[in-house]
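Asker: The following block contains the structure, expressed as structure tokens.
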Amino acid sequence: MAFNNGVPATGTGLIASFGEMLIDFVPTVSGVSLAEAPGFLKAPGGAPANVAIAVARLGGKAAFVGKLGDDEFGHMLAGILKENGVRAEGITFDQGARTALAFVTLRADGEREFMFYRNPSADMLLQPEELNLELIRSAKVFHYGSISLIVEPCRSAHLKAMEVAKEAGCLLSYDPNLRLPLWPSADEARKQILSIWEKADLIKISDVELEFLTGSDKIDDASALSLWHPNLKLLLVTLGEHGSRYYTKNFKGSVDAFHVKTIDTTGAGDSFVGALLSKIVDDQSILEDESRLRDVLKFANACGAITTTQKGAIPALPKEEDALKLIKGA
């Protein structure tokens, strides 16, 4: 166990990330509407895929499980996973449906608005019998979002993958990653996101998701703890430039953010999650030791912050030394 500023070494256990991978088309200029954008750059993304690459970039072992279109974009995305050291044997290709696309506008403040092309996209068509169960069972952590719960057959594949992971003794990690435009309604989104709530060992939500799920405009401990469930080991609420809050059975607290020049917030939450998982995969006792957990969360905050300093999620995901440098300099 090498320690740097109290940060444990990246683990060697496998982190399997399940769900969607797509291409974001991002305007070449910030602060314009989609209609005003003069051109777009391809930016590979999709939260579960970003998490897998974040883990690999930090020297961890990651695999992606999901479905892509059997088209140029789908093969390009599979290639990006492999180039970044993510295991790709959990990927299947759909002959009939395209890889999902999203057009994303970056507002002047770096926040995003989305327009999706998924009717249906390949990721939505993953069948339970197409899952690579051996790969899932070999993981120590199984991470997922909620976009894969929106429609069948992907929803059944998601539930089956979770069940298999749980039986194999994986730590279940959940980041709902709310994308309201993809859901039939806000009520359906809330209902489905909460339908698998009690299965997760670790949950990460943003301040916006906290408000959405609780129906309260208060972002405080009481509001967060209303989402606590007895099987949970760690609940995290990320607060953007205000850092993150953590809740466990025995303690709670907050960790400050690092101040950087934010250009694009895409992937910051995924970077945070990947960093956290990479540091606890081999030693989950960290979740019960507040001082070690704080060191890991500080590292995760640093990774999240660095990710906001350049456009696009995947190119901006940091290496270990980048994060340690930011922590040292703070």
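The values are calculated or read from the model by the stated rules, or taken from the named source; none is laboratory data. For clarity, every value in this text was computed on a predicted model and none was experimentally measured. Heads up, the Cβs are rebuilt from the backbone with ideal geometry, glycines too, and the neighbour counts pull from every protein chain shown. Note: accessible area is taken over every heavy atom of the protein model, side chains too, but ligands, DNA and RNA are not part of it. Shrake-Rupley method; radii C 1.70, N 1.55, O 1.52, S 1.80 Å.
Asker: Please list 292-305, 311-324 highest first by mean number of surrounding beta-carbon atoms within 10 Å per residue.
Answerer: Numbers: 292-305: 24.8, 311-324: 19.4.
Ranked by mean Cβ neighbours within 10 Å, highest first: 292-305, 311-324.
Asker: Among H242, H143, what's the order by accessible area (1.4 angstrom probe), most exposed first?
Answerer: Accessible-area ranking of H242, H143, largest first: H242, H143.
Asker: Mind running the shape call on the stretch 1-129? Use the C-alpha gyration tensor, a ≥ b ≥ c as the square roots of the eigenvalues: rounded below 1.5 for a/c, prolate if a/b tops b/c, oblate otherwise.
Answerer: In terms of gyration-tensor shape, oblate.
Asker: I've got another one for you. Please report the antiparallel percentage of DSSP beta bridges with both residues in the chain, rounded to the nearest 5.
Answerer: Given both bridge residues lie in the chain, the antiparallel proportion sits at roughly 40 percent.
Asker: Another question, then. Order the peptides 117-123, 24-30 from the highest to the lowest mean number of other Cβ atoms within 10 Å of their residues. Walk me through the numbers on the way to the answer.
Answerer: Values: 117-123: 19.4, 24-30: 17.6.
Ranked from most to least packed, the peptides come out as 117-123, 24-30.
Asker: How large is the helix-only mean residue ellipticity at 222 nm for the chain, computed as the sum of -39500 (n - 2.57) over DSSP H runs with n ≥ 4, divided by its residue count, in deg cm²/dmol to the nearest 500?
Answerer: Rounded to the nearest 500, the figure is -10000 deg cm²/dmol.
Asker: With +1 on each Lys and Arg Cβ and -1 on each Asp and Glu Cβ, and nothing else charged, work out how big the dipole of the chain is about its Cα centre, in Debye to the nearest 20. Display every interim value, and only then the final one.
Answerer: On the way: 34 positive and 43 negative charges, 108 e Å.
I would put it at about 520 debye.
Asker: May I ask you to list the chymotrypsin sites (Phe, Trp or Tyr not before Pro) in the stretch 233-263 that are in a DSSP loop and have at most 13 other Cβ atoms within 10 Å of their Cβ?
Answerer: Taking the stretch 233-263 and a limit of 13 other Cβ atoms within 10 Å, the loop chymotrypsin sites (Phe, Trp or Tyr not before Pro) found are F251.
Asker: Right, here's the next one. So what are the ³J(HN,Hα) numbers for the stretch 124-134, from phi and the Karplus equation (6.51, -1.76, 1.60; θ = phi - 60°), rounded to whole Hz, Gly and Pro as x?
Answerer: Once rounded to whole Hz, the list reads 6, 9, 5, 9, x, 6, 8, 5, 8, 5, 4.
Asker: How much accessible area per residue does the chain have, in Å², with a 1.4 Å probe? Before the final figure, lay out each step's value.
Answerer: Values: 13530 Å² over 330 residues.
Result: 41 Å² per residue.
Asker: Would you please put 58-68, 219-229 in order of how densely packed they are, using the mean number of other Cβ atoms within 10 angstrom per residue and starting with the highest?
Answerer: Descending packing order for the listed peptides: 58-68, 219-229.
Asker: What part of the accessible area of the chain, given as a whole %, is carbon or sulfur when the probe is 1.4 angstrom? Can you show the working numbers first?
Answerer: Working: 6780 of 13530 Å².
After summing per-atom areas, the C and S share lands at 50 percent.
Asker: Can you give me the C-alpha center-to-center distance between the stretch 7-50 and the stretch 181-253, rounded to a whole angstrom?
Answerer: Cα centres, the stretch 7-50 to the stretch 181-253: 22 Å.
Asker: Using a ≥ b ≥ c from the Cα gyration tensor of the stretch 182-327 (square roots of the eigenvalues), is it rounded, prolate or oblate, where a/c under 1.5 gives rounded and otherwise the larger of a/b and b/c decides, a/b for prolate? Before the final figure, lay out the partial values.
Answerer: Numbers: a/c = 1.77, a/b = 1.24, b/c = 1.43.
It is oblate, given that a/c is not under 1.5 and a/b is not larger than b/c.
Asker: Same structure, new question: Is the shape of the chain rounded, prolate or oblate, going by the alpha carbon gyration tensor and its root eigenvalues a ≥ b ≥ c, with a/c under 1.5 for rounded and a/b larger than b/c for prolate? Spell out each step's value before the answer.
Answerer: Values: a/c = 1.30, a/b = 1.15, b/c = 1.13.
Because its axes are fairly even, with a/c under 1.5, the chain counts as rounded.
Asker: Which of K233, K160, K261 moves the most in a Gaussian network model of the chain with Cα springs under 10 Å?
Answerer: Of K233, K160, K261, the Gaussian network model singles out K261 as fluctuating most.
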